[in-house]
Structures are given as C-alpha cells and as structure tokens.
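Quick notes on the structure that follows.
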Amino acid sequence: MRIAICDDEERERSELCKMVKEYDRLGGMEVSLFSSAAELYLATAQTTFSIVLLDIEMKAPNGYEIAQQLQKGADAPLIIFVTKSMEYTLRGYGVAFRYLVKPIRQEELSQALTAAASEVREKHLFFQADGTSHVIPVQEIYYFEVFLHNTTLHLANRSLSLRMPLKEVLAQLPKRFFAMPHQSYIVNFQHIRSASTEEICMTNGASIPISRRKQPEFEARFLQYLGR
C-alpha cells in the first residue's frame with residue numbers, strides 16, 4: 001500500500017513519516033515524501049497512491065487545491081488532511097477522508113490509517129493470474145464465471161483466468177457489492193442494468209442466469225444494495 005506524505009515543513013514531514021512507520025511495524029506500507037503540493041501532483045502521473053497525508057497550508061497550489069485535482073483521477077487516493085486550522089473543513093467535504101489537527105498524536109494517526117486502509121482494501125482486490133499479481137479496483141469488476149473448472153474474472157476491457165474456486169473468490173469480496181445468483185457466477189451489483197427472477201442483464205451486455213435455489217437470497221441482497 002503506497003502512502004504519500006506532503007508537507008512543506010521538513011521537520012513535520014519527517015515526524016509524520018516516523019509516526020506512519022511506527023504504525024506500520026509489519027512493513028506493508030511504502031512511504032514517499034513530498035515538500036510541495038505541485039511535486040506530489042507530478043508524482044501521481046507515474047505512481048498511484050492509496051492514501052495521501054496532505055498539509056493544507058502550503059504555498060500555491062495549496063493542499064486543498066491539489067486534493068481537488070487528485071479526486072478527479074480514475075483511481076483517486078484517500079485524502080487525510082493534516083492542518084493547524086479547521087478553516088477548510090466545510091470546503092473539504094467530499095474531498096477529505098479525514099482531518100488531523102497538528103500537533104498530531106500517534107493514536108489519532110493510527111486510527112485514521114486503520115480506517116483508511118480498511119476503505120482501500122474494500123475498494124481494491126488482489127488476485128494472482130497467469131503468474132502475475134493484479135491489483136484491481138472493485139468498480140472495474142463486472143462478474144466472475146466458472147466454466148469447466150476454470151474461473152474467469154471479467155473486467156471492462158479484458159478477462160483474467162484465476163486458479164481458485166468460485167467460493168474462495170467470494171470469500172475475498174466485499175459482501176455489500178457481490179453475490180452469487182448461480183453456482184457458476186458471482187456478479188458485481190454496481191454493474192447490473194436490470195434483473196428479473198430468472199436473468200440478470202449487466203451493463204457490458206452480458207446475461208447471467210439466476211437459479212431458483214439462489215434467487216430469494218440474491219434478490220434480498222440486491223434490494224439491500226439498492227437501499228430498499
């Protein structure tokens with residue numbers, strides 16, 4: 001998981017980095033440091049960050065302005081603003097995942113990183129396919145299909161062959177987005193165009209059957225997703 005720390009004050013930047021590493025004792029986070037919002041923005045052209053710890057009060061462009069730009073990307077990071085003032089709280093609604101007020105305590109940072117990491121894991125899935133590790137945003141997944149004991153992951157513009165049974169795949173997926181309408185399929189609720197009692201039409205044109213045995217549970221889960 002890639003973490004970016006952006007603060008124009010070297011002492012505070014270094015201190016925040018130490019705190020992140022104190023939290024990440026198992027070494028699962030890769031931390032990059034930036035001294036300006038413009039420098040961070042340029043780096044995102046080559047590197048995708050999962051979480052950005054971003055100071056607001058910096059020389060133009062400030063942290064808030066760059067955060068707005070970062071949120072326009074296809075794979076936008078979670079923004080945790082670090083600030084000496086709560087002036088931007090209302091303006092940052094819908095942009096910031098959380099706010100941390102300086103001086104930041106280790107406990108506060110740890111709580112924010114735990115919440116952010118949980119959110120990131122629910123937005124991305126990790127699969128092995130053809131000897132390669134793939135990090136895939138949940139929103140890009142349409143459905144999984146089993147045919148002749150082979151599991152295929154269908155994405156918008158490609159498919160991946162997975163060496164794992166469908167039930168094992170289902171165990172890794174966030175339950176609020178995925179369900180099995182049939183023993184041979186898992187579908188992403190986000191890409192359902194319409195559904196009857198017998199068939200699902202996906203936004204990519206695929207038709208997925210619904211078995212009689214699974215139909216009641218699937219319908220209940222789908223309606224729950226729709227907020228009904």
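The values are calculated or read from the model by the stated rules, or taken from the named source; none is laboratory data. In this text, all values refer to a predicted model and were calculated from it rather than measured experimentally. Methodologically, a virtual Cβ is constructed for each residue, glycine included, from the backbone with ideal geometry; neighbour enumeration extends over all protein chains shown. Surface accessibility is based on the protein's heavy atoms, side chains included, excluding ligands, DNA and RNA. Shrake-Rupley method; radii C 1.70, N 1.55, O 1.52, S 1.80 Å.
For the range 61-81, the criterion of being open to solvent by 70 Å² or more (accessible area, probe 1.4 Å) and more than 23 Å from the chain's Cα centre (by Cα) is met by no residue. Among residues of the range 32-48 being open to solvent by less than 40 Å² (accessible area, probe 1.4 Å) and of a type outside the set (Gly, Ala, Ser), the one that is farthest from the chain's Cα centre (by Cα) is PHE34. Residues that are within 21 Å of PRO216 (Cβ to Cβ), surrounded by fewer than 17 Cβ atoms within 10 Å (Cβ to Cβ) and of a type in the set (S, T, N, Q) within the range 144-193 comprise GLN183, SER184, listed in sequence order.
Within the range 1-27, the residues that satisfy the criterion of being more than 20 Å from the chain's Cα centre (by Cα), in a loop (DSSP other than H, G, I, E, B) and surrounded by 13 or more Cβ atoms within 10 Å (Cβ to Cβ) are ASP7, ASP8, GLU9. Scanning the range 119-131 for residues that are open to solvent by 70 Å² or more (accessible area, probe 1.4 Å) and of a type outside the set (Asp, Glu) gives ARG121, LYS123, PHE126, GLN128, GLY131. Whether any residue in the range 97-108 is closer than 20 Å to PRO137 by Cα, at pLDDT below 95, hydrophobic (A, V, I, L, M, F, W, C) and surrounded by 17 or more Cβ atoms within 10 Å (Cβ to Cβ) is what I want to check. Yes; the residues of the range 97-108 include at least one that is closer than 20 Å to PRO137 by Cα, at pLDDT below 95, hydrophobic (A, V, I, L, M, F, W, C) and surrounded by 17 or more Cβ atoms within 10 Å (Cβ to Cβ).
Within the range 194-228, restricting attention to residues that are in a loop (DSSP other than H, G, I, E, B), touching a strand residue (DSSP E or B) at 6+ places or on another chain (Cβ under 6 Å) and closer than 20 Å to LEU155 by Cα, the residue that is most open to solvent (accessible area, probe 1.4 Å) is ASN204.
Here GLU219, GLU199 are screened, and the one residue that is charged (D, E, K, R), free of Cβ contacts under 8 Å to residues at least 60 places away in the same chain and within 24 Å of HIS149 (Cα to Cα) is GLU199.
Checking each residue in the range 123-138 for being outside any strand (DSSP E or B) and aliphatic (A, V, I, L, M) picks out only VAL138.
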